[in-house]
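The structure that follows is given in the form of structure tokens.
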Amino acid sequence: MLDKIKWFWRYYKNYKYVLAVLFLLTPVQTAFQVSIPRLIEFTVDYVKTLEVSAAVGSNRVAIWLNALGQSLDLSSGVTFALALVLIGLSSNLLYAFVQSHRAWMNMRLEWLFRQDAFNKITLKGPDFFNRFRTGDIVTRLTDDVAEKLSWFACSGIFRLYEALLMVTFSITMMLSIDPVLTLWSAGPLPVLIVIFFFSSSLLDKRYDYLQKRISDFNDTMEACFSGIRVVKAYVREKAQKNKFGRVIENRKKAEISTIKAMTLVESCYFYIWQFGILIVIMTGGYMVIHANLSAGQLVAFIYYVIYMIFPMFDIGQFLVKSRQSAVSINRLQELEKHPALVTDEGTFSPDGDIRGAVKFENAEFSFPGSEVKIIDRVNFDIKPGQTIALVGKVGAGKSWLTNLIPRLVDPTGGRVSLDGHDLRKFRLEDLRRYIGYVPQEPVLFSDTVRKNILFGRDDIPDSVLEWAVEVSQLKDEIASFPKGLDTEIGTRGMSISGGQKQRLALARALVGKPKILILDDCTSALDSRTETALWNQLHKVMPDMTAVLVTHRPDTLEQADMIYVMEEGRIVETGTHVYLMSNDTRYARIYKRYQLAEQVAG
């Protein structure tokens, strides 16, 4: 429980004004509200006194004169009426003021929970996204945050605070009227406590199961829509429909099961407390008949018992929702606690003085908790302006090796340096400003061509944007688009071809004019003529750029200054294309296989 309080406090601590309003004005508003039944009590007893006094007279004139002559004159009635109006109005105004702050805080906390979780998720490494499915992450950032957590984080907690104050103040007033009747009306309390302890573990299990089914539901939708082309190509619409039907049925059953449990527990809290009213009416009525309690006191007592019905319901709802929210907090904390593979703790800033010399010194990489080395004792130098190519079978570790340069992951052994400085000493933002990276599968967003290339770097001038488009051999295609650079490319770039996607991703990397360019097999969809033109342009406009290529294209390999052949995470061969081809090397066999594959494809 303490860790949940600490988790909430880190969001609350910057909103002390709102906390002060909620903590200080809620008791004031509650005090005003609980004073109203006492005024009603005095009014009823005052009227009753007038009726009794009036009964002495024999006609209307006598009734009026007797009433006028009572020790409690008519000014007392006016005072009670004015007090009721003023206190009631003050209570309502305060309640509206407090409620508006609660509502604002609910929305603010929802935004903070989601934004904070999103920010932390973007810092996680590839292993995080292997463990947590996209649909599951979406569920945690939407359903868990909006439906389960944001209301509870403020309104749930402060409704409990208000309910406890209302119950405390009401019982205090009831004790001041009649302690015995108060004890009778408090009879349901022990039953409610027993219900909570017996229901808490059941609710925990139901909520956790429900959230997992919602994650399965969202994940199935995301996977189907993301792979819709493959679904249609293999005519698997019916299979996807059946799969979706199963997960939605599982979610429906989980929802119904959870609602049943919630309704049962909340109904117990609500209806058991109704017995308190029956007890008060029966016992209090008996006391009034025998003149042990005034009519006004009975009316006030009934008001206080009614006042406590909804607070007791709020207390019960809090106990139920707290179990639900605890599950959602655990699910968000599970995302937070997953260790990031890279931490931004560097302080070194190069101030533009980057040449592009990259050095691997006994570099190793493996996932936390795994003994398998994906990169194993790699040593080599890349000189400024040099173009090197990494070659090897699938799974040899080429992509992971390139991921070490922009610090998408950090080496678990040895080190990687840039211009003699360990990469971990750089601030991530400063380091990556000098690196252009194009992954194996180009990632595009549902936006315009322009925004996909700039990717939030709005300070880049249009002349540089046009230069990047021209170098990436995309100028002619964009000219044919309906709105040019402002053409929408659809979800994940579905409206453009594979080659256009690769060149658009390349333009995104080039527009920052990087000192180091990393291309991870990103020209596979280009024809030989386009790729040759691309490399000719790159070498012409960026002669000082260091390039690291993962490729199987023979034309590209022939242009590399140095080639490194990888196998099982190690560098097993090194040399120029001419040197490696002149010997019976692994590279020569790989190159000939690539060359044959291109000839067959052509």
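Derivation of every value follows stated rules applied to the coordinates shown; laboratory data play no part. Given the structure is predicted, the values throughout are model-derived calculations rather than measurements. Virtual Cβ from ideal backbone geometry, glycine too; neighbours counted across all protein chains shown.
Quick one: Cα centre-to-centre distance for region 530-602 and region 98-135, in angstrom?
The distance from the Cα centre of region 530-602 to that of region 98-135 comes to 44 Å.
Hey, which of these cross-link pairs are over 23 Å Cα-Cα: K120/K253; K124/K501; K4/K148; K13/K425?
K120/K253; K124/K501; K13/K425
Ignoring GluC sites (Glu not before Pro) that are buried or in helix or strand per DSSP, and keeping those with at most 16 other beta carbon atoms within 10 Å, what is the longest stretch of the chain between them?
1-344
Gain in length, L123 to I171, computed as 0.36 nm per residue apart minus the alpha-carbon separation, to one decimal in nm?
Answer, rounded to one decimal: 12.1 nm.
Most exposed first by the Cβ proxy, i.e. fewest other Cβ within 10 Å, how do S463, S446 rank?
The most exposed by this proxy come first: S463, S446.
Continuing with this model, one more query. Need one word for region 175-315: rounded, prolate or oblate. Basis is the Cα gyration tensor (sqrt eigenvalues a ≥ b ≥ c); a/c below 1.5 gives rounded, then a/b vs b/c decides.
On the way: a/c = 5.55, a/b = 4.35, b/c = 1.27.
Cα axes put region 175-315 in the prolate bin.
Please give the FRET efficiency for K4 paired with S582, using the beta carbon to beta carbon distance and R0 = 60 Å, rounded to the nearest 0.05.
Step by step, r from the Cβ atoms, then E = 0.35.
Right, here's the next one. Explain nothing, just the number: dipole magnitude of region 2-337 about its Cα centre with +1 on each Lys and Arg Cβ and -1 on each Asp and Glu Cβ, in debye rounded to the nearest 20.
The dipole magnitude comes to about 1880 debye.
Contour minus end-to-end for D458 and L19, with contour as 0.36 nm per residue of separation and end-to-end as the Cα-Cα distance?
Difference between extended and current length: 154.2 nm.
Something else: How large is the Rg to Rh ratio of the chain when both quantities use alpha carbon positions and Rh follows Kirkwood?
When Rh is taken as the Kirkwood radius, the ratio is 1.20.
Let me ask something else about it. Tally Lys/Arg at +1 and Asp/Glu at -1 over every other residue whose Cβ is under 10 Å from the Cβ of V550; what's the total? Walk me through the numbers before you get to the answer.
On the way: positive: K398; negative: D520, D521.
Computed value for this residue: -1.
Please give the Cα centre distance for region 248-320 versus region 439-483, rounded to the nearest Å.
64
Going by how many other beta carbons lie within 10 Å of each one, how would you line up L210, L506, fewest first?
Listed from fewest to most nearby Cβ atoms, that is L210, L506.
Where in the chain are the DSSP H helices whose C-alpha atoms run 27 Å or more along the long axis and whose mean Kyte hydropathy is at least 1.0? Show your work: numbers first, answer last.
Working: long enough: 16-54 (57 Å, 0.90); 74-121 (70 Å, 0.54); 157-177 (30 Å, 1.60); 189-226 (54 Å, 0.29); 237-289 (76 Å, 0.22); 295-337 (61 Å, 0.50).
Passing helices, by number: 157-177.
Placing unit charges on C-beta atoms (Lys and Arg positive, Asp and Glu negative, everything else neutral), compute the dipole magnitude of the chain about its Cα centre in debye, rounded to 20. Walk me through the numbers on the way to the answer.
Values: 70 positive and 64 negative charges, 205 e Å.
My answer is approximately 980 debye.
Check which residues have an amide H placed less than 5 Å from I571's amide H, if you skip close sequence neighbours.
N379
Residue farthest toward the positive end of the dipole of region 476-579, with Cβ of Lys/Arg at +1 and Asp/Glu at -1: which of L526, V578, V565?
Value computed over the given set: L526.
Right, next: Obtain the nm distance between the two label points defined at T530 and I228 by a simple spin-label model: each point lies 7 Å from its Cα along the Cα-to-C-beta direction.
With each label placed 7 Å out from Cα toward Cβ, I get 2.4 nm.
A follow-up question, please. For an R0 of 35 angstrom, estimate the FRET efficiency from the Cβ-Cβ distance between R593 and F367 and round to the nearest 0.05.
0.70
Now for a different question. In square nanometres, what is the average projected area of the Cα convex hull of region 2-337?
Over all viewing directions, region 2-337 projects a mean Cα-hull area of 23.7 nm².
Next question, about the same structure. Taking each pair of distinct Cα atoms in region 442-513 once, what is the resulting Kirkwood hydrodynamic radius in Å?
11.7
Taking the mean number of other Cβ atoms within 10 Å as a proxy for protection, how do you rank 498-505, 284-291, 390-397 from highest to lowest?
498-505, 390-397, 284-291
Additional query: Taking only DSSP H segments of four or more residues, each worth -39500 (n - 2.57), what value at 222 nm results for the chain once the sum is divided by all its residues, to the nearest 500 deg cm²/dmol?
The helix contribution divided over the chain gives -21000 deg cm²/dmol.
Length gain on complete extension for the stretch E568 to V138, per 0.36 nm per residue less the alpha carbon to alpha carbon distance?
Separation in residues times 0.36 nm, less the Cα-Cα distance, equals 151.3 nm.
Can you pull out the chymotrypsin sites (Phe, Trp or Tyr not before Pro) in region 202-262 that DSSP calls coil and that have at most 13 other Cβ atoms within 10 Å?
Hits after loop and neighbour filter: Y234.
Rounded to the nearest 20 debye, what is the charge dipole size of region 442-513 about its Cα centre when +1 sits on each Lys and Arg Cβ and -1 on each Asp and Glu Cβ?
260
A follow-up question, please. How far is it, in nm, from the label point at A340 to the one at D116 when both lie 7 Å from their Cα along the line to the Cβ?
It is 1.5 nm.
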